[in-house]
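Everything on this sheet refers to the single structure shown next.
The values are calculated or read from the model by the stated rules, or taken from the named source; none is laboratory data. Treat the numbers as computed from the prediction; the structure is a model and nothing was measured. Reconstructed Cβ throughout: ideal geometry from the backbone, glycine too, with neighbour counts over all protein chains shown. What goes into the accessible areas is simple: the full protein's heavy atoms, side chains included, and nothing from ligands, DNA or RNA. Shrake-Rupley method; radii C 1.70, N 1.55, O 1.52, S 1.80 Å.
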Amino acid sequence: MVKKYFVMVFSLFFMFLFHVGTASAEESSISNMDSEDFVAELVYEKDQSTEEESIDKISPFLNFTVRHSSLGINKHVKSKNKYKMSKNQKVKVGVITWKPSSQKIQLGFINASNGKQYWTKSYGGGRKTSGSFILSGPSGTYYIAIRTPSTNTRSINVKGSFDF
């Protein structure tokens, strides 16, 4: 819209500079431009307020990925970073994929101080695309982790993205 506005202003300037068109045509152009300009301002203001409103409603998430190739049976892979968490705090699942899909995974938390682990139920099917899981342990500093339960029969390749 800004480009259109500059083109209209330049055109108007050009018409005045070279005296192109009749007086009624110039008046018509000016009146149309005023209307378009006014509409453009309203749209801009509306878009701006919508954008500000949307920003206010978005919680600031930290996105991160946990991955491993050939994750063995009853083994885990954890996030590179540690996160301060309070009891019952949620971690949102982005997308988790693993192969072979016949195997299962669990999601959880590993206490960075004492190594104590808290795990979810097992998930199968090779893909989890939504939901969240909750820290059932005490407040503290934790790694986010993915593990393969002892019931698996093969190693898996896993990649998970999370929002914290």
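Data overview
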{"quantity": "Wholly within the stretch 71-161, strands (runs of 3 or more DSSP E) carrying at least 2 residues that are more than 20 Å from the chain's Cα centre (by Cα)", "calculated": "76-78, 83-85, 90-99, 106-111, 117-119, 140-147"}
{"quantity": "Pairs with Cβ under 7 Å, 6+ apart, first in the stretch 91-105 and under 15 Å from residue 65 (Cβ atoms), second of a type in the set (Asp, Glu) and open to solvent by less than 70 Å² (accessible area, probe 1.4 Å)", "calculated": "92/163; 94/163"}
{"quantity": "Unmet requirement for residue 160, which otherwise passes all of (1) without any contact (Cβ under 8 Å) to a residue 60 or more places away in the chain; (2) surrounded by 15 or more Cβ atoms within 10 Å (Cβ to Cβ)", "calculated": "(1)"}
{"quantity": "Test: residue in the stretch 125-139 that is open to solvent by less than 30 Å² (accessible area, probe 1.4 Å), under 19 Å from residue 65 (Cα atoms) and among the aromatic types (Phe, Trp, Tyr)", "calculated": "yes"}
{"quantity": "Some residue of the stretch 78-99 being of a type in the set (Ser, Thr, Tyr), touching a Gly at 6+ places or on another chain (Cβ under 7 Å) and loosely packed, with under 15 Cβ neighbours inside 10 Å", "calculated": "no"}
